[in-house]
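Note sheet for the following structure.
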Amino acid sequence: MTMIELKAVDKSNYLTVVDLKVHSEQADFVAPNTLSLLEASFEEEKYPFAIYAEGTLVGFLMCSYYPADDAYPIDSWWIERFMIDKDHQGKGWGKKALALFLKEFKPHRQVKELRIGAEPENDHAIKLYESFGFKKEGMVEGENVYVRTW
């Protein structure tokens, strides 16, 4: 069995997380990890994780909690960032990492929905999210929003 782990981003691994990159044609699909880590340093309720496969750093995931507002009238959790490094794509790590996150995610705030966004052109991500039961809910700022309940 292939070992996949999610570890908190901390002083021991943040620099290698920053070095993770997607292919140039994917650059518009996800914010740079430097921005995500900066946001997590200054904004509450953002939780960054390094994705390790067989002991090697292969990707990054950040989940975030948002209280109800005008855009979403109920409290919600988001997988706000999710990426696999260009050198590790196509090996199934994204699917395994998402499965592990969904299995182990134990939010301290009880919310019945989890959302994730995807650029409309990001067919690979959309297919992955839909395979895990995420359903298209609408669009926000030009990005498709998918929701999964549990």
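Just need a number here: residues in the stretch 22-38 that are loosely packed, with under 15 Cβ neighbours inside 10 Å and assigned to a helix (DSSP H, G or I).
Adding up the residues that qualify gives 5.
Here are some residues: Ser64, Ser12. Which one is without any contact (Cβ under 8 Å) to a residue 24 or more places away in the chain, over 17 Å from the mean Cα position of the chain (by Cα) and either closer than 23 Å to Leu114 by Cβ or surrounded by fewer than 18 Cβ atoms within 10 Å (Cβ to Cβ) (or both)?
Values: Ser64 fails: over 17 Å from the mean Cα position of the chain (by Cα).
Result of the check over Ser64, Ser12: Ser12.
List the number of the failed condition for Lys91; all other conditions in (1) at negative phi; (2) in contact with a strand residue (DSSP E or B) (Cβ under 8 Å, 6 or more places away or on another chain); (3) exposed (fewer than 13 other Cβ atoms within 10 Å of the Cβ); (4) of a type outside the set (A, V, I, L, M) hold.
With (1) at negative phi; (2) in contact with a strand residue (DSSP E or B) (Cβ under 8 Å, 6 or more places away or on another chain); (3) exposed (fewer than 13 other Cβ atoms within 10 Å of the Cβ); (4) of a type outside the set (A, V, I, L, M) applied to Lys91, the lone miss is (3).
Mind counting the residues in the stretch 125-150 that are out of contact with any helix residue (DSSP H, G or I) (no Cβ under 8 Å at 6 or more places or on another chain), exposed (fewer than 14 other Cβ atoms within 10 Å of the Cβ) and part of a helix (DSSP H, G or I)?
1
Among the numbered criteria (1) in a loop (DSSP other than H, G, I, E, B); (2) charged (D, E, K, R); (3) at pLDDT 95 or above, which single criterion is violated by Lys106?
Only one criterion is unmet by Lys106, namely (3).
Quick test for you: out of Glu121, Glu80, pick the one residue that is part of a loop (DSSP other than H, G, I, E, B), acidic (Asp, Glu) and closer than 21 Å to Lys21 by Cα.
Working: Glu80 fails: part of a loop (DSSP other than H, G, I, E, B).
Exactly one of Glu121, Glu80 is part of a loop (DSSP other than H, G, I, E, B), acidic (Asp, Glu) and closer than 21 Å to Lys21 by Cα, namely Glu121.
Take Val30 and tell me if it is modelled with pLDDT of 95 or more, among the aliphatic types (A, V, I, L, M), within 21 Å of Gln89 (Cβ to Cβ) and under 14 Å from the mean Cα position of the chain (by Cα).
No, not satisfied.
Could you list, in sequence order, all residues of the stretch 34-58 that are of a type in the set (Gly, Ala, Ser) and either at negative phi or touching a Lys or Arg at 6+ places or on another chain (Cβ under 8 Å) (or both)?
The answer is Ser36, Ala40, Ser41, Ala50, Ala53.
The values are calculated or read from the model by the stated rules, or taken from the named source; none is laboratory data. Please read all numbers here as calculations on a predicted model, not as lab measurements. Backbone-built Cβ (ideal geometry, glycine too); neighbour counts: all protein chains shown.
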